[in-house]
1. Would you check if there is a residue in the stretch 97-113 being at pLDDT 85 or above, out of contact with any Cys (no Cβ under 7 Å at 6 or more places or on another chain) and surrounded by 10 or more Cβ atoms within 10 Å (Cβ to Cβ)?
2. Can you pull out every residue in the stretch 186-231 that is under 20 Å from the mean Cα position of the chain (by Cα) and in a loop (DSSP other than H, G, I, E, B)?
3. State whether the residues of the stretch 209-225 include one that is modelled with pLDDT of 85 or more, under 19 Å from R168 (Cβ atoms) and charged (D, E, K, R).
4. Of the conditions (1) assigned to a helix (DSSP H, G or I); (2) buried (at least 19 other Cβ atoms within 10 Å of the Cβ); (3) not acidic (D, E), M150 satisfies every one except a single condition; which number is it?
5. State whether the residues of the stretch 301-321 include one that is outside any helix (DSSP H, G or I) and under 35 Å from the mean Cα position of the chain (by Cα).
6. So G288 passes all but one of these: (1) without any contact (Cβ under 8 Å) to a residue 24 or more places away in the chain; (2) on the phi > 0 side of the Ramachandran plot; (3) in contact with a helix residue (DSSP H, G or I) (Cβ under 8 Å, 6 or more places away or on another chain). Which condition number does it fail?
7. Report whether or not V182 is assigned by TED's automatic domain parsing to the domain that holds S200 and without any contact (Cβ under 8 Å) to a residue 12 or more places away in the chain.
8. When you look at R41, is it among the charged types (D, E, K, R) and over 38 Å from the mean Cα position of the chain (by Cα), yes or no?
Amino acid sequence: MLTNLGISRDAEAVYRAMLAEPSWGVADLSSYLGISERSVRKALDVLADLSLLTPSASQDLHPVNPVLGLAPLLNRAEEEIRRQQLEIEATRQAISTITAAYESRTQGLNDVTRMEGVDAVRARLVELADMARRECWSLSPGGAHEPDAMAASRDPNRLAVERGVEMRCVYQDAYRNDPDTVAYAKWLSGLGGQIRTVPSVPMKMIVVDRAVALLPISPSDPRVGAVEVTSPSVLLAICALFQQVWAAGEPLQSPSRTEADTPTPMELDVLRLLADGQTDEAVARKLGLSVRSVRRVVADVTSRLGASSRFQAGVAAARKGWI
């Protein structure tokens, strides 16, 4: 507990024991603490160096009152932390100056920058999250999100929200069927992010301060990489698309549409594809869901229809005019 003050665990244990029993010698301390006499002597040296022990008239070492002995050590540790914070802030300012000079030199040279591979994209997302000052918008198609992608975005998103950046995210309704993605969305919402969902998200995109946008090179496989767009005219169209999708979204806090009496668009799509003879795997590929999510949707609909099998659920859905 006192290691931040330069006191080892053995030294702390010896100090506490001596405060309780000032008359104990090396052998007594060794026996009580279950450590070697050599370790006790080493601990006594540490305590003496820190002025936590003082010799008595008989030259025996006695512990110093902790109020008098530990307070100076704590003050010293706090002063060191303040010094490190000043150095970190100075470093931050230096980085900002270097970055500003670099961006000033490169501004306007390229309206589109291509990034190959998911690692390059994630590294750039961290940079953009740190650069964001006003807002960060995103569209996320599909259902379940990759666990590594969610983990990589946690710290940058948290720091951005804490800095006052407005975070707006639009997910596809299918995300409600993946517990991990739901948990991540609720975590982000709890920080202050705004989350909405729509039946269908047109494309994946991230927009920062309406000045930079990232779009996937391959819409079908985000891991291929992304292009960074800074062209004002293109950004105008991208922002207009986001705002249109956002306006049609349903807030995360609203009850899930799967709880309504009528099926959601996604449930209808699942039912129609299954009625056409598609397998669970084929349905998952077509709708951008996991196979587990498709089966969960089928189980939910089957339960709501009071059916005991998929066949009965199909008959009941047909009677209601769903398919």
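1. First, the residues of the stretch 97-113 that are at pLDDT 85 or above: 113.
Still in the list and also out of contact with any Cys (no Cβ under 7 Å at 6 or more places or on another chain): 113.
With the extra rule that they be surrounded by 10 or more Cβ atoms within 10 Å (Cβ to Cβ), the set shrinks to 113.
The answer is yes, given that some residue of the stretch 97-113 is at pLDDT 85 or above, out of contact with any Cys (no Cβ under 7 Å at 6 or more places or on another chain) and surrounded by 10 or more Cβ atoms within 10 Å (Cβ to Cβ).
2. G192, G193, K204
3. Yes, that holds for at least one residue.
4. Going through the list (1) assigned to a helix (DSSP H, G or I); (2) buried (at least 19 other Cβ atoms within 10 Å of the Cβ); (3) not acidic (D, E), M150 breaks only (2).
5. no
6. Failing condition for G288: (1).
7. Numbers: assigned by TED's automatic domain parsing to the domain that holds S200: yes; without any contact (Cβ under 8 Å) to a residue 12 or more places away in the chain: yes.
Yes: the conditions hold for V182.
8. For R41, the condition - among the charged types (D, E, K, R) and over 38 Å from the mean Cα position of the chain (by Cα) - is met.
The values are calculated or read from the model by the stated rules, or taken from the named source; none is laboratory data. Since the model is a prediction, treat every value here as computed from it, not as a measurement. In this analysis, Cβ positions are derived from the backbone assuming ideal geometry, glycine residues included, and neighbour counts consider all displayed protein chains.
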